[in-house]
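Take a look at the structure below.
The values are calculated or read from the model by the stated rules, or taken from the named source; none is laboratory data. Every value quoted in this text rests on a predicted model; they were computed, and no experiment measured them. Cβ: placed from backbone, ideal geometry, glycine included. Neighbour counts: every protein chain shown.
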């Protein structure tokens, strides 16, 4: 285990800036996202004393409920997803700030009533008329809800108060629809009011990429094409579609993961140092990377990308059905549940360094990681020894489920003969800093409350991500797959994904545990 510096004192946790006084309006408050992630995240912020005392929530959904019904429901949600973390005193103060309003999002008559309710909540909790709206709804409602809010003056802001909107993914389903949604929203609100959320950026290891690169003098000087051979980004899931067949049939793994999550990981891994942590300074550098990704021609889609769909197999020691046997999935579905591709970045730092990406469902392990593989050392010194070859060094950023960083290097095996073994130095966040209750949304919600857009996507970043994948979407639509399903559940995807790297003399790094 790596030797680490003295640990920070556990008895004096750092208290950050409290969020502004505000009302959070959750459209889709009766849904799964609200129950599993948003309410537990807000409660964790309250426990950390990062919520303003002048804060309230208005839940909006179609299900009929009273305020008390809603408060009982969120208590049940927090009990289920936070376990025994509930503090009765904190909960008492937390839950009394929650209100509920039932209505149909498409009903014009709903929004004057929401406005009246917000006036009352603002008066009761002194929230300074600061409102932010969270779209925990189907994507088809994103634009129409903001339009109706704007029509009632609920997006207008001044020096005395602010109004913001958080847009969940998917942000569009292709480049054209993403551009259309951006144009619609930017007619109703300023870019500074729009927070396009990607919950991957709430993960500590993702946020730590910049700190790791730019705060350590030993890594940034070798973070370039002179020393790095290639980069791998893997997002592997053991689950199937988990009852979301109707959604996944229209999305697929390419749309669901690559333009958002994986593009964010690429941009943070490859970006130039920003001049500061100002939101636009950071996002300017991320956007430059996304725009520098080499366009893929139709012919290159065939040679530099792979799609797959899982069939029957085993997961967790149990037999599981293939994708086409899942509920709400067509028996002849052409939807991909696995994607792999090779991308190149046309800039000075990364010229000729391939970035290999893959994401898939029903794989052997749940694991998201970034592998930085360095160039192999010259063999000259070892030519007259028993060493047959040298393994390249790898730096791995583990993002989930365990968060940490590991460095793989060679060391001499004890004994009279020169033999090399591969060893790992491992750093795990939980072991060093302790476990903190987190859903991944705490930082993002708090940043919206204080007006920090650093971890949210800008319009040009969203469109750049879609520009990368659009050629694949178009060609895959025109050329249906001929061999689906092409990988068994519980395996690392179709053989073509392995061949994608083997053609270049490389191979994937798999983590079974």
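Of the residues making up the range 77-98, those that are modelled with pLDDT of 85 or more and in a helix (DSSP H, G or I) number 2. For the range 36-50, a residue qualifies if it is within 15 Å of residue 98 (Cβ to Cβ) and free of Cβ contacts under 8 Å to residues at least 60 places away in the same chain, and the qualifying residues are 39, 43, 46. Residue count for the range 366-395, restricted to those that are at pLDDT 80 or above and not in a loop (DSSP other than H, G, I, E, B): 10.
When 195, 133 are checked against the criterion of being outside the structural domain of residue 27 (by TED's automatic domain parsing), within 23 Å of residue 261 (Cα to Cα), assigned to a strand (DSSP E or B) and at pLDDT 95 or above, a single residue qualifies: 195. Looking across 406, 438, one residue alone is touching a strand residue (DSSP E or B) at 6+ places or on another chain (Cβ under 7 Å), closer than 27 Å to residue 239 by Cβ and not in a helix (DSSP H, G or I). It is 406. Within the option set 134, 111, being buried (at least 16 other Cβ atoms within 10 Å of the Cβ), in contact (Cβ under 8 Å) with a residue 60 or more places away in the chain and either under 28 Å from residue 44 (Cα atoms) or touching a helix residue (DSSP H, G or I) at 6+ places or on another chain (Cβ under 9 Å) (or both) holds for one residue only, 134.
Those strands (runs of 3 or more DSSP E) of the range 230-335 in which 1 or more residues are assigned by TED's automatic domain parsing to the domain that holds residue 459 and surrounded by fewer than 21 Cβ atoms within 10 Å (Cβ to Cβ) occupy 310-315, 318-320. Being surrounded by fewer than 16 Cβ atoms within 10 Å (Cβ to Cβ) and either under 21 Å from the mean Cα position of the chain (by Cα) or at pLDDT 95 or above (or both) is a description that does not apply to residue 512.
Report the residue count in the range 161-189 for those that are assigned to a helix (DSSP H, G or I) and buried (at least 17 other Cβ atoms within 10 Å of the Cβ). Number satisfying all stated conditions: 6.
Here's the yes/no breakdown for (1) in a helix (DSSP H, G or I); (2) more than 31 Å from the chain's Cα centre (by Cα); (3) without any contact (Cβ under 8 Å) to a residue 12 or more places away in the chain:
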residue: 59; (1), (2), (3): no, no, no
residue: 68; (1), (2), (3): yes, yes, yes
residue: 122; (1), (2), (3): yes, yes, no
residue: 142; (1), (2), (3): yes, no, no
residue: 154; (1), (2), (3): no, no, no
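Of all the numbered requirements in (1) in contact (Cβ under 8 Å) with a residue 40 or more places away in the chain; (2) within 16 Å of residue 439 (Cβ to Cβ); (3) surrounded by 20 or more Cβ atoms within 10 Å (Cβ to Cβ), residue 33 misses one, and that requirement is (3).
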